[in-house]
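Q: Before I ask anything, here is the structure I am working with.
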Amino acid sequence: MLSKKNKEILLGPLSKNNPVIVQILGICSALAVTAKLEPALVMAVSVTAVVAFANVIISLLRNTIPNSIRIIVQLVVVAALVIIVDQVLKAYMYQVSKQLSVFVGLIITNCILMGRLEAFALSHKPWESFLDGIGNGVGYGIILVIVAFFRELLGSGTLFGYQVIPQQMYDWGYQNNGLMILPPMALITVACIIWVHRSRNKDLQQ
Amino acid sequence: MNKQGNTYTIIYTSGMVIIVAFILAFAAIGLKPVQEKNIAIDKMSQILNSVNIASTPENAQELYGKYIDDSFVIDANGKLVKGESFAMNIADQMKLPEDQRTLPIFICTDNSGAPKYIIPLSGSGLWGPIWGYISIENDGNTVYGAYFAHQGETPGLGAEIDKPPFQKQFQGKHFFIDGAFTPIAVQKAGQKPQNGADYVDAVSGGTITSKGVQNMLQSCVKPYAQFLESLNSKNI
């Protein structure tokens, strides 16, 4: 089940082949939903679920899909899965779905999805495609959660909505950094992560 | 069969579309009751917000039952008409001419005893719809509390209208000056409206959203003017 090659498929996207910080895909949503940890985590789980299942479905259909409409078929599969995720969130996590608002729908346009379907699922077996989907989804999610951790901690002084910076600090004059909540700081945080990552993986440097 | 041929492609897409349509319709219908309950609870919590009662999704229903003890629908002359105020779509009502609208009102009796009258609002901001609720004390004039929400105003600028610092400004403002209906203005800090109306500070950098709030207050509360006046003469 987990041969050496499959392990590479699953774990590669977590670091050496990370979709966000190495391939620079899916940046848009990484900026939009990372002001708080909770929506970032829900977004990460949603994208992982969608990319894993879309990969499996496309991989199962790969020998039947007419080549001329393969992009359309991929889009239909992704769009259907995203709508299902959106409906489930609206039903069981209404507050989070309000915060994520249009960004759930925009998973459809997340480049990671089309990239994986086109580059991997169309030419691999379902189980490998599933692992690839999980790997890429988690690789995307890790970055989202790291960015959200710093933005929520420094921007709001909370983690998952719980106050972690003690009141005493505020009494001594500490202030939350309002800039962290705004989108530009997500870009800068992602850039810092890329910096650290590249400096530890010399082979990624050009 | 030739997998690259036109016939195959057309059959393939038709089959795919039908299957996907079935799956989505099934998911949407299956989850609808739960979603509608969530939307209703969210609306309750917004109405409670306008009378300065904080609620969570867990206790909103209970608090709503406790504090909002009546609701009715009036027409532009202040007469009672038939209608279901909670389910009414305010945005649809706003499209009708002023004298044909049906106007829902919610009544809240909190611990202080005097009833507050809650009026729903609906308008448009810079990027999309904005809405809210404003509660008025039983003199039909003084604002008790206000709540605004938006769909997609600019974060940090126009989106500030859904934050307490902006909403708290409305408390104690008046809708009638010398017996004439003058809606509360939303003004750039340091400026005053010409007609002597009560005013609050606009959100800096959110001019169009702030104007939207002002227009919304004007257009949504105006049809209630007769009703508010009658409250005023009854209770003062």
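Q: So, in nm, how far is label A:Leu60 from label A:Gln95 when the simple model puts each one 7 Å beyond its Cα toward the Cβ?
A: The two pseudo-label positions are separated by 3.6 nm.
Q: Taking 0.36 nm per residue of sequence separation and subtracting the Cα-Cα distance, how much length would be gained by fully extending the chain between A:Val45 and A:Phe160, in nm to one decimal?
A: Computed gain between A:Val45 and A:Phe160 is 39.8 nm.
Q: So, in nm, how far is label B:Ile19 from label A:His197 when the simple model puts each one 7 Å beyond its Cα toward the Cβ?
A: The modelled label-to-label distance comes out at 3.5 nm.
Q: Apply 1/(1 + (r/R0)^6) to the Cβ-Cβ distance of A:Leu187 and A:Phe150, taking R0 = 22 Å, and write down the FRET efficiency to the nearest 0.05.
A: With R0 = 22 Å, the Cβ-Cβ based efficiency is 0.95.
Q: What size of dipole, in debye to the nearest 20, comes out for the protein assembly as shown about its Cα centre when the only charges are +1 on Lys and Arg C-beta atoms and -1 on Asp and Glu C-beta atoms?
A: 1640 debye
Q: Place a point 7 Å from the Cα of B:Asn235 along the Cα-to-Cβ direction; which residues of region B:139-155 have their backbone N under 13 Å from it?
A: B:139-145
Q: Using alpha carbons only, how many degrees (0 to 90, rounded to 10) separate the axis of helix B:6-50 from the longest principal axis of chain B?
A: With rounding to tens, the tilt is 20 degrees.
Q: For B:Phe176, which sequence-distant residues (separation of 5 or more, or a different chain) have an amide H within less than 5 Å of its own amide H, given hydrogens modelled in the peptide plane?
A: The list, which skips near neighbours in sequence, is B:Thr182.
Q: Mind giving me the nanometre distance, one decimal, between the label points for B:Asp42 and B:Asp92, set 7 Å out from Cα along Cα→Cβ?
A: My value for the distance between the label points is 1.9 nm.
Q: Note the angle between two axes, namely the Cα long axis of helix B:225-235 and the longest principal axis of the Cα atoms of chain B, as a number of degrees from 0 to 90, rounded to the nearest 10.
A: Rounded to the nearest ten degrees, it is 40.
Q: May I ask which residue of B:Pro115, B:Asn2, B:Tyr144 lies farthest towards the positive end of the charge dipole of chain B, with charges of +1 (Lys, Arg) and -1 (Asp, Glu) on Cβ and the Cα centre as origin?
A: The Cα lying farthest towards the positive end belongs to B:Asn2.
Q: Which FRET efficiency value, to the nearest 0.05, do you get for A:Gln168 and A:Ile108 by plugging their Cβ-Cβ distance into 1/(1 + (r/R0)^6) with R0 = 56 Å?
A: My answer for the efficiency is 0.75.
Q: With unit charges on the beta carbons (Lys and Arg positive, Asp and Glu negative) and the dipole taken about the Cα centre of the protein assembly as shown, which residue among A:Gly105, B:Phe86, B:Leu48 sits farthest to the positive side?
A: A:Gly105
Q: Figure the gain on full extension for A:Ile24 and A:Leu11 (residue separation times 0.36 nm, minus the Cα-Cα span) and round it to one decimal in nm.
A: 2.9 nm
Q: Which FRET efficiency, nearest 0.05, do B:Asn59 and B:Tyr8 yield, Cβ-Cβ r, R0 60 Å? Could you put the intermediate results ahead of the total?
A: On the way: r = 58 Å, r/R0 = 0.96.
Efficiency for this residue pair is about 0.55.
Q: Looking at chain A as a GNM with Cα springs under 10 Å, which of A:Pro184, A:Pro19, A:Pro126 has the largest mean-square fluctuation?
A: A:Pro184
Q: On to the next question. Which of B:Ala28, B:Ala60, B:Ala146 ends up with the largest GNM mean-square fluctuation for chain B, with Cα atoms connected below 10 Å?
A: B:Ala28
Q: Still on this structure, please answer the following. Taking the mean number of other Cβ atoms within 10 Å as a proxy for protection, how do you rank B:171-180, A:43-52 from highest to lowest?
A: The peptides rank, most packed first, as A:43-52, B:171-180.
Q: With only Lys, Arg, Asp and Glu charged, each at its Cβ (+1 for the first two, -1 for the last two), find how big the charge dipole of region B:80-208 is about the Cα centre; round to the nearest 20 debye.
A: 140 debye
Q: Can I ask one more? Please give me, ordered by residue number, the GluC sites (Glu not before Pro) of region B:77-139 that lie in loop per DSSP and have at most 12 other Cβ atoms within 10 Å.
A: Sites meeting the loop and neighbour criteria: B:Glu84.
Q: Give a quick list of trypsin sites (Lys or Arg not before Pro) in region B:6-87 that DSSP marks as loop, anything other than H, G, I, E or B, with at most 16 other Cβ atoms within 10 Å.
A: Qualifying residues, ordered by number: B:Lys79, B:Lys82.
Q: Taking the alpha-carbon distance from B:Lys192 and a cut-off under 14 Å, which aspartates and glutamates remain once sequence neighbours fewer than 8 residues away in the same chain are dropped?
A: Answer for B:Lys192, where 14 Å is the Cα cut-off: B:Asp201, listed by chain and number.
Q: Calculate how steeply helix A:183-200 sits against the longest principal axis of the alpha-carbon atoms of chain A, using the helix alpha-carbon long axis, and give the answer as 0 to 90 degrees to the nearest 10.
A: It works out to around 70 degrees.
Only the coordinates and a few stated rules stand behind these numbers; no lab work does. A quick note: this is a predicted structure, and the numbers were derived from the prediction, not measured. When we count neighbours, we look across all protein chains shown, and the Cβ atoms used for this are built from the backbone with ideal geometry, even at glycine.
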